[in-house]
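Step one of this worksheet: look at the structure below.
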Amino acid sequence: MTRGRGDPAGAGAVGGTRGTGTGGVAYADSTRGVTYADPERRTRALAGFLTRTGLARGDRVAIVLGNRV
């Protein structure tokens, strides 16, 4: 993802959508973009799952994630 000369803010590089609202693109690569709402939704789903399994506030959890979009 590169910025064009006529696009100093880089808005064109992410489909012209900027900002921190739910519709804004948080990050993107050559095959996929992720909006700010995507990680929020997935984080809430994971938190709900962990709560349903009996995890309580103060319990420790290890999560290993790959380095990709």
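The values are calculated or read from the model by the stated rules, or taken from the named source; none is laboratory data. Treat the numbers as computed from the prediction; the structure is a model and nothing was measured. Every residue, glycine among them, receives a Cβ derived from its backbone with ideal geometry; neighbour counts consider all protein chains shown.
State all residues of segment 32-45 that are over 11 Å from the mean Cα position of the chain (by Cα) and either surrounded by 12 or more Cβ atoms within 10 Å (Cβ to Cβ) or in contact (Cβ under 8 Å) with a residue 12 or more places away in the chain (or both); if no residue qualifies, say none.
Within segment 32-45, the first condition is being over 11 Å from the mean Cα position of the chain (by Cα), and the residues that meet it are 32, 44-45.
Passing the criteria: only 32.
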Exercise for review: Consider residue 24 carefully, then state whether it is at pLDDT 85 or above and surrounded by 11 or more Cβ atoms within 10 Å (Cβ to Cβ).
Suggested key: yes
